[in-house]
């Protein structure tokens, strides 16, 4: 299974989370910056350069800045929800000491 590795160590804002995922997934510049758009591009496909199946790995989760942390937690929940609906996507969270 392909892995999209995201490093949360430098995330300070919501945009940092979006930017990192979009870069890893090969999202087009016009990709929407909301969870409906992320859901559509992962579950629906034919938008990002990298298509499912894949595993998203967020490294250094414990180092994510305070302003980006809620977004990151919500992003993890969104990916788990997408997977629960049958889309072949996984997410793994790793802290800096792992």
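What to note about this one:
- A Förster distance of 22 Å, applied to the separation of the beta-carbon atoms of residue 81 and residue 3, puts the FRET efficiency at 0.65.
- Separation of the stretch 53-92 from the stretch 7-37 is 12 Å, based on Cα centroids.
- Its Cα gyration tensor gives the stretch 48-98 an equivalent ellipsoid, and the semi-axes of that ellipsoid, as √(5λ) in whole Å with the largest first, are 21, 12, 10.
- Calculated P(r) tail over 17 Å for the stretch 2-44, as whole % of Cα pairs: 29 percent
- Subtracting the Cα-Cα distance of residue 69 and residue 34 from 0.36 nm times their residue separation leaves 11.0 nm of extension gain.
- With Cα atoms as the point set, the radius of gyration and Dmax of the stretch 2-93 evaluate to 12.0, 33 Å.
- Residue 50 versus residue 19: modelled label distance in nm, points set 7 Å from Cα along the beta carbon direction: 1.8 nm
Here, each number is a calculation from the coordinates, and none is a lab measurement. For clarity, every value in this text was computed on a predicted model and none was experimentally measured. So basically every Cβ, Gly included, is an ideal-geometry build from the backbone, and we count neighbours across all protein chains shown.
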